[in-house]
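Colleague: I'd like to ask some things about the structure below.
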Amino acid sequence: MLTGKYHQGEDVPEGSRKAEKAEWLPGFDDDLFSKLQIIETQAGIKGRTMMQHALLEVLEKSPVVSIVTGVKRIDQVESLIAAVER
């Protein structure tokens, strides 16, 4: 959900988790999209993608032992690595 590919009023992207297994991501409602918009705006202000922003917020604000990112593609892994290396 923090990939930036889900937007209110738009079709679910092909190849997304929601498209593959809709039951994994229930509850796509106005409240969820409002929260996603806030996160996307905050990420943009800091020059990050939503995924990078979520990862860095967790790393910066809590004593983290490990993070499960749920990435599907190599470019997503590379993006997260680049965010941490900044």
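The values are calculated or read from the model by the stated rules, or taken from the named source; none is laboratory data. Because the structure is a prediction, the values reported are computed rather than measured. Note that we place each Cβ from the backbone using ideal geometry, even for glycine, and neighbour counts take in every protein chain shown.
Residue-by-condition table, conditions (1) modelled with pLDDT under 85; (2) in contact with a His (Cβ under 6 Å, 6 or more places away or on another chain):
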{"site": "15", "(1), (2)": "yes, no"}
{"site": "43", "(1), (2)": "no, yes"}
{"site": "49", "(1), (2)": "no, no"}
{"site": "73", "(1), (2)": "no, no"}
{"site": "77", "(1), (2)": "no, no"}
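Colleague: Take residue 4 and decide whether it is assigned to a loop (DSSP other than H, G, I, E, B) and loosely packed, with under 13 Cβ neighbours inside 10 Å.
Modeller: Details: assigned to a loop (DSSP other than H, G, I, E, B): yes; loosely packed, with under 13 Cβ neighbours inside 10 Å: no.
Answer is no for this residue.
Colleague: Within segment 42-53, which residues are loosely packed, with under 12 Cβ neighbours inside 10 Å and either in contact (Cβ under 8 Å) with a residue 40 or more places away in the chain or part of a helix (DSSP H, G or I) (or both)?
Modeller: Selection gives 45 alone.
Colleague: Within 23 Å of residue 86 (Cβ to Cβ) and of a type in the set (A, V, I, L, M): does that describe residue 56?
Modeller: Criteria met by residue 56.
Colleague: Go through segment 25-41 and report how many residues are at pLDDT below 90 and exposed (fewer than 10 other Cβ atoms within 10 Å of the Cβ).
Modeller: Total satisfying the criteria: 4.
Colleague: Identify, by number, the condition in (1) at pLDDT 85 or above; (2) over 14 Å from the mean Cα position of the chain (by Cα) that residue 65 doesn't meet.
Modeller: Residue 65 satisfies all of (1) at pLDDT 85 or above; (2) over 14 Å from the mean Cα position of the chain (by Cα) except (1).
Colleague: While we're on this one: Would you tally the residues in segment 60-86 being in contact with a helix residue (DSSP H, G or I) (Cβ under 9 Å, 6 or more places away or on another chain) and not β-branched (Val, Ile, Thr)?
Modeller: 8
Colleague: Sticking with this one: I need the full set of residues from segment 54-66 which are closer than 20 Å to residue 5 by Cβ and either in contact (Cβ under 8 Å) with a residue 24 or more places away in the chain or not in a helix (DSSP H, G or I) (or both), in order please.
Modeller: Result: 54, 55, 56.
Colleague: Here's a follow-up. On the given criteria, is residue 71 farther than 16 Å from residue 1 by Cα, outside any helix (DSSP H, G or I) and of a type in the set (A, V, I, L, M)?
Modeller: no
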